[in-house]
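A short worksheet on the structure shown next.
The values are calculated or read from the model by the stated rules, or taken from the named source; none is laboratory data. Computed from a prediction, not measured in an experiment: that's the story for all the values here. Methodologically, a virtual Cβ is constructed for each residue, glycine included, from the backbone with ideal geometry; neighbour enumeration extends over all protein chains shown. Side chains included, ligands, DNA and RNA excluded: accessible areas come from the protein's heavy atoms. Shrake-Rupley method; radii C 1.70, N 1.55, O 1.52, S 1.80 Å.
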Amino acid sequence: MIRSLLLSLLTLFGGAGIAAAAEPAPGAIHFGAVGSGYGQQVGTQLIAIAHIKGFIQAEVGDAVKLDFNYFTGTGPAINEAIANGQLDFAQYGSLPSIILRATGVGTKIIASGGGTNIYGVVRTGLPINSIKELKGHSVTIQKATILHWSLLETLKANGLTERDITILDLKTADQLAALASGSADAEFGTASVLPLRDQGLVKVIYTSQRDDPRATGPSAFFVTDAFAAKYPETTQHVVNGFIKAAQWVAQPENREEALQIWAKSGVSYASLKEEYANEQLHDRLDPRLDDFFRGQYADGIDFAKQQKLTRKDVDLSQWVDPSYEAKALATLGLQNYWPNRDVNGAVVSN
Amino acid sequence: MLLPLILPLSVLLLWQIATAREWLAPQILPSPLTVFWTFVDLVTSGDIVEGLAISLRRISVGFAIGAAFGLSLGIAMGRSAKLEQYVGPSLRAIAQVPSLGWLPFLMLIFGIGETLNYVIIAKACFVPITINTAAGIRNIPVHYVEVAHVLRLRRSAMLFRLILPGALPTIFSGIRLALGHAWIAMVVVEMLADTAGVGYMMTWGRTLFQIDIVIVGMVVIGAIGFLMDGGLRWIERRLRRWAPVHA
Amino acid sequence: MPENKYDVFLRGLAFPAVLVLAWILVGQFGLIDPRLLVPVQRVIAVPFFDPDGRTIWLSLVTSLVRMVAGFLIGGGLGILIGFVIGTSSLANRLIGPSFTAVRQITVFAWIPLLTAWFGNSDGAKLVFIALSAFFPAALNTQQGLRDVPIALIETSHVMRLSWRTHLFRLLLPSALPSIAIGIEIALISAWIGTVGAEYAMGFGRGIGIFLAEGREQFRMDIVLIGVVTLALVGYGMNIVLRCGLRRLVPWQRQNS
Amino acid sequence: MRAEALLDTRSSLDIQAVSKSYRVDGKPREILRDIRFTVEPGELVSVIGASGCGKSTLLRLIIGLDTDYEGDILLDGRSIDGPTADRGIVFQEPRLFPWLSVEQNIALGLDSSGASPAEVKRIVTEHIEIVRLNGFARAYPHQLSGGMAQRAAIARALVSRPKILLLDEPLGALDSQTRAYMQDELLEIWRREKITIVMVTHDIEEAVYLSDKIVVMEPEPGRVCGIVSIDAPHPRRRGTSKFSALKDRVLSVLVRTQSAASAGLVRSHPAAQGGIARRYG
């Protein structure tokens, strides 16, 4: 009531410029994503490109302050921040977001964030060269993350189950210590394990990119229900910016600059280069909410239920809201820029 | 008297109202009933009992090791001023570094697992017990020491009749401090770098964003801390029956 | 045996000196994997020459500011609550048992709840630091007031002192040594709380995050310098407080 | 036969030109200067003087707590070296270990004797009777009155059958009634145990009432300024004119020295009391 009153007053005295706008612009928009290491406040995802290259700022206008937060605490930390209303948008891995959704905190999936390559490494000196040989050994991961999911998926693909190995649930830094001290024989991790290999501590026996693209860790871009309800137009602007960032990254001539941007986060340039080697960023960082994306998320939801990570069911169809993305693609004329993939990642149509 | 119950009950009531009226999202503040049923679940499923058994075993072993070393070194330092001058400053500096600071190294040396827990808990006990034992012995009134000399007490009598009972109050507050520190250190290690125990259960609750599990963990940790402290007070009272009772 | 202060000081240095020497030797002969036990000179150089290591200065300042803020809030509230339950028997019966019960919860166990409530923001950290400082401050204030000699309280009653005089001439000065100890412990707890909060909550700057990041990147030199800094700040604070508090309570005899 | 047994339990003490100084702030400060007197076997000798005259220091030298002095202290002709079983001491405060019961405290006196537990038990029980603490064997020190605690301390000093008993103002902290009673107890023990006693006191009446000989000291530095022999038989009657005359004699030796008259005796008493009150308050 009061706000609409104020609004009409504003319209009266404020002039015609914003008179037509049905919604007031938010003073600031808060974004969250996973960050790492020292260096600047920047991450290694699409959102970081949108941030540094100013795609979103350009869409929402300079009057709106954009606040980007990169969390070292990964999933749980972002969940907590969303639940506390500290974030309006976030890009992070599927499992933590499923856990949050299951508790009933309102979010919408508005774009895919692309996949993260997952590496399986073992301590150097151990006679283990394949996933099958992990049987009877201890593997360290952080539970309730895409790494957990990826490990179990990979085991399944190799005819092993959770019971064939010992899982040590540790945070990244502690995983290093566990490997270095010999408490753990193997680790499933992201590109952050590559420097360890370069130091000669571990050898890589598995990468999802090479061995099973479906086990590549999915991520998504979210908006909170509260924000989307209050600022539907701004939400659309943000998604437009996000898609523009994806389009920019997809162009081969920008690859080098993108890697440089991500390297500011503290993840080494060499690691990033290797993470995306032999691959088009166009394919890996596909923002489309297609069947492949939905398939991976559905897998994640099943997994979370099996592992008793969630108490309530998550209905994916209620959760994914493709309308913003569709509108953005139409606005930008990019309907056919990224192909449709089936659940296995194969291109079905264009 | 009902007076002490007023505050907890009104907090509980406010909590219930807050959740019933959804002042706070239930994900952030689950209702007291949810917490209660989670507690029942965790007890009947054996999760809590199992976690507690692990935690209590850790604390017993770690405490035993730390106390044994602490008492020995403390007695030696209390009796030899020279040893105290050599070791004392380093020990007090070590006391300034919280267990959290040691964690990175100890993890590399001992790996992740029970040894690490024992070492950290033992260290948490060792420092306060050593410092307090040494201080307790040094602060035994010189009056009594003179009596012991005049009576030419043997070494054993000196230790068991004068030094230990004389230093007992100080040693005991060291032990209580040590057990408190040990409990904290253990919860910290379990929360940060372990895969079992009550502390891990809480971190897991945080990961799953199930705050009811977190609250249950807090209550359990508080209750155990309370019982341990109460138990030690009781033992101390029994050991100090010679002391006049304060009104 | 004449005890020269200088001699005693040197003896205290003997043990750390042996340790450092062992460290240097181990490094020289490569007895332990240098990735785990970084050579001394590299650790010392880190805060000055390494671009990642140099962030320690900003981290340290951030942590100190955070600590002081949390300490002021928590310590202040602690003294207030301790004062209330230490002087009013009604308040003591009303709040005392709850206070004792809540105190038993290891401060660290609050972190998951605080992060759920306040996120990983500075707010959550501040609350945690305040909580760390609160309990020792409250406890020692209460104890100090409870231990005011009955004889003096009776004297005050007999002289029919006004509440103000009673408070400022008897209660506070008498409880001051205990309150001072409470402040000392509260500040140390606030420091540990600061590092712990940063370490466990992540996000932002601070010496705890510096440490956590060093670990995540497997930079033992950074971890080592972080821990040393942490210890030095704690030790330094202890010394400063001892001197400061000694002035605060001039009538108390100090045992050497 | 009987005479030999007596000789065995009594000791003589010979203090020869004993001097003692401390270093205070780097400067030497003389505490005792050229102390000389002898104690015959079985004698009860009091050392009296104002506070600060080094009475207690002297006792610490005799018992062997402090061996850094000039001159000689001979016990039965042998110079002493550290505490031994043939000398017992009772301090001004009882100094009972608060965590031990009365009987455990007394048993401490036999710790180094090598006596069997049964023997210890027997001797301790016997001495509890001597100091009339029957029924309090298992009491803790805080449950005893000042007089009872001091009797327990005396028993602790006696169990090892010392040849000489040193008393450092043992009754100083007691009220006057208990004190008078304890003086008689002490005489009784002295008589029964046939022991040599050296007692430090600041109470002239007490010295006159108990002693065979009174060594009068003056302070700064502590010196002997006179030795008064009391040859009256026990029990002595306090009110008599003879008793008063003896007191006057001792007093006259004391007042001869300026410092004792002005600063010493008059002020020493309340000051000592104040000190005690602080300690127990």
**Report entry** Subset of A:LYS171/A:LYS308; A:LYS135/A:LYS203; D:LYS55/D:LYS163; A:LYS273/A:LYS327; B:LYS123/C:LYS125; B:LYS82/C:LYS5 violating a 24 Å alpha-carbon distance limit
**Finding:** A:LYS273/A:LYS327; B:LYS123/C:LYS125
Requested in this report: Round to the nearest 10 and report in Å² the accessible area of B:GLU22, as given by a 1.4 Å probe over the protein chains' heavy atoms.
Outcome: 120 Å²
Requested in this report: Compute the relative contact order of segment D:97-161 as a whole-number percentage, counting only Cα pairs closer than 8 Å that sit 6 or more residues apart in sequence.
Outcome: 53 percent
Query raised in the report: Which percent of the accessible area of the protein assembly as shown is formed by carbon and sulfur heavy atoms (probe 1.4 angstrom)?
Result: 60 percent
Query raised in the report: How many partner chain Cβ atoms sit within 10 Å of a residue's Cβ in peptide B:24-31, on average, as a whole number?
Result: 5
Query raised in the report: Separation of segment D:128-165 and segment A:72-99 by C-alpha centroid, Å?
Result: 76 Å
**Report entry** Loop-resident sites, segment B:9-63, for trypsin sites (Lys or Arg not before Pro), counting at most 16 other Cβ within 10 Å (DSSP)
**Finding:** B:ARG21
Query raised in the report: Using alpha-carbon positions, what is the distance between the centroids of segment D:197-235 and segment B:134-179, in Å?
Result: 37 Å
Report summary line: Convex hull around the C-alpha positions of segment D:148-247: the volume in Å³ per residue is 117 Å³
**Report entry** Structure-based [θ]222 nm, the protein assembly as shown - -39500 (n - 2.57) summed over DSSP H runs of at least 4, per residue, nearest 500
**Finding:** -18500 deg cm²/dmol
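Highest first, please rank the peptides C:72-84, C:190-202 by the mean number of other Cβ atoms sitting within 10 Å of their residues.
C:190-202, C:72-84
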Report summary line: Under a Gaussian network model of chain A whose springs join Cα atoms within less than 10 Å, the largest fluctuation of A:ARG101, A:ARG214, A:ARG163 belongs to A:ARG163
Query raised in the report: Where both partners of a DSSP beta bridge lie in the protein assembly as shown, what percent of those bridges are antiparallel, to the nearest 5?
Result: 55 percent
Report summary line: The Cα extents of chain B along the principal axes, largest first and rounded to whole Å, are 75, 52, 29
Report task. Could you tell me the largest-minus-smallest coordinate of the C-alpha atoms of chain A on each of the three principal axes, in descending order and whole angstroms? Result -> 77, 45, 42
Requested in this report: Starting from the Kirkwood radius over alpha-carbon pairs of segment D:22-125, derive D by Stokes-Einstein at 4 °C in a medium of 1.567 mPa s and give it in µm² s⁻¹.
Outcome: 78 µm²/s
Requested in this report: Principal axes first, then extents: for the Cα atoms of segment D:97-161, list largest minus smallest coordinate on each axis, whole Å, largest first.
Outcome: 31, 22, 17
Query raised in the report: Whole-Å semi-axes of segment C:54-255's equivalent ellipsoid, largest first, each the root of 5 times a Cα gyration tensor eigenvalue?
Result: 37, 20, 11
Query raised in the report: If you wrap a convex hull around the Cα atoms of segment A:119-215, how much volume per residue is inside, in Å³?
Result: 84 Å³
Query - Residue-normalised accessible area of the protein assembly as shown, given per residue in Å² at a 1.4 Å probe - result: 45 Å²
Requested in this report: Treating cross-link reach as a plain straight distance, find the aspartates and glutamates whose alpha-carbon is under 17 Å from the alpha-carbon of D:LYS242, omitting any fewer than eight places away in the same chain.
Outcome: D:GLU205, D:GLU206, D:ASP212, D:ASP231
Query raised in the report: Taking chain B as a Gaussian network, where each spring joins two C-alpha atoms under 10 Å apart, which residue of B:GLY66, B:GLY166, B:GLY78 fluctuates the most?
Result: B:GLY166
Query raised in the report: Between C and B, buried accessible area summed over both sides at probe 1.4 Å, in Å² to the nearest 100?
Result: 3900 Å²
Report task. Can you send over the solvent-accessible area of D:TYR181, 1.4 Å probe, protein chains only, in Å² to the nearest 10? Result -> 100 Å²
Requested in this report: Would you tell me the accessible area of A:GLU279, worked out with a 1.4 angstrom probe on the heavy atoms of the protein chains, in Å² to the nearest 10?
Outcome: 50 Å²
Query raised in the report: Across segment D:104-112, in residue order, what do the Karplus-derived ³J(HN,Hα) couplings come to in whole Hz, using 6.51 cos²θ - 1.76 cosθ + 1.60 with θ = phi - 60° and x for Gly and Pro?
Result: 5, 5, 5, 5, 4, x, 9, 4, 8
**Report entry** Projected-area mean, segment D:59-202, by convex hull of Cα positions, square nanometres
**Finding:** 9.1 nm²
Report task. Calculate the length of the line joining the C-alpha centroid of segment C:72-98 to that of segment A:130-159, in whole Å. Result -> 52 Å
Query raised in the report: Under the classification rounded if a/c is under 1.5, otherwise prolate if a/b is larger than b/c and oblate if not, where does segment A:177-334 fall, given a ≥ b ≥ c as square roots of the Cα gyration tensor eigenvalues?
Result: oblate
**Report entry** Tensor-based shape of chain D (alpha-carbon gyration tensor, a/c under 1.5 rounded, otherwise prolate or oblate)
**Finding:** rounded
Requested in this report: Among DSSP beta bridges whose residues both lie in segment A:93-197, state the antiparallel percentage, nearest 5.
Outcome: 40 percent
Query raised in the report: In whole percent, what relative contact order does chain A give with Cα contacts below 8 Å and a gap of six or more residues?
Result: 25 percent
Requested in this report: Note the buried accessible area between B and A here, summed over both chains, with a 1.4 Å probe, in Å² to the nearest 100.
Outcome: 2000 Å²
Query - Whether the protein assembly as shown is rounded, prolate or oblate, judged on the alpha carbon gyration tensor where a/c under 1.5 counts as rounded - result: prolate
Report summary line: Calc'd 3J(HN,Hα), segment C:129-143, phi into Karplus 6.51 cos²θ - 1.76 cosθ + 1.60 (θ = phi - 60°), Hz, glycine/Pro = x, comes to 5, 4, 4, 4, 7, 4, 5, x, 5, 5, 4, 6, 4, 4, 4
**Report entry** Sequence of C:PHE118, B:PHE63 from largest to smallest accessible area, 1.4 Å probe
**Finding:** C:PHE118, B:PHE63
Query - Top positive-direction residue, dipole computed over the protein assembly as shown with Cβ charges, set A:ILE131, D:SER244, B:LEU5 - result: D:SER244
Report summary line: Contact order relative to length for segment A:119-215, counting C-alpha pairs under 8 Å separated by 6 or more residues, stands in percent at 47 percent
Query raised in the report: To the nearest 20 debye, what charge dipole does the protein assembly as shown have about its Cα centre, counting +1 at the Cβ of each Lys and Arg and -1 at the Cβ of each Asp and Glu?
Result: 3700 debye
Query raised in the report: In peptide C:115-127, how many Cβ atoms from other protein chains are near each Cβ within 10 Å, on average?
Result: 6
Requested in this report: Treating cross-link reach as a plain straight distance, find the aspartates and glutamates whose alpha-carbon is under 12 Å from the alpha-carbon of A:LYS312, omitting any fewer than eight places away in the same chain.
Outcome: A:ASP302
Report summary line: Cα-based Debye curve of segment B:73-156 sampled at q = 0.15, 0.16, 0.18 Å⁻¹ gives log₁₀ I(q)/I(0) of -0.67, -0.72, -0.83
Report task. Place +1 on the Cβ of every Lys and Arg and -1 on the Cβ of every Asp and Glu in the protein assembly as shown, take the dipole about the Cα centre, and give the residue among A:ALA173, A:TYR337, C:PHE71 whose Cα lies farthest towards its positive end. Result -> C:PHE71
Query raised in the report: By Kyte-Doolittle mean hydropathy of at least 1.6 and Cα axial length of at least 30 Å, which whole DSSP H helices of chain D are selected?
Result: none
Query raised in the report: Could you give the dipole magnitude of chain B about its Cα centre, charging the beta-carbon of Lys and Arg +1 and that of Asp and Glu -1, in debye to the nearest 20?
Result: 1480 debye
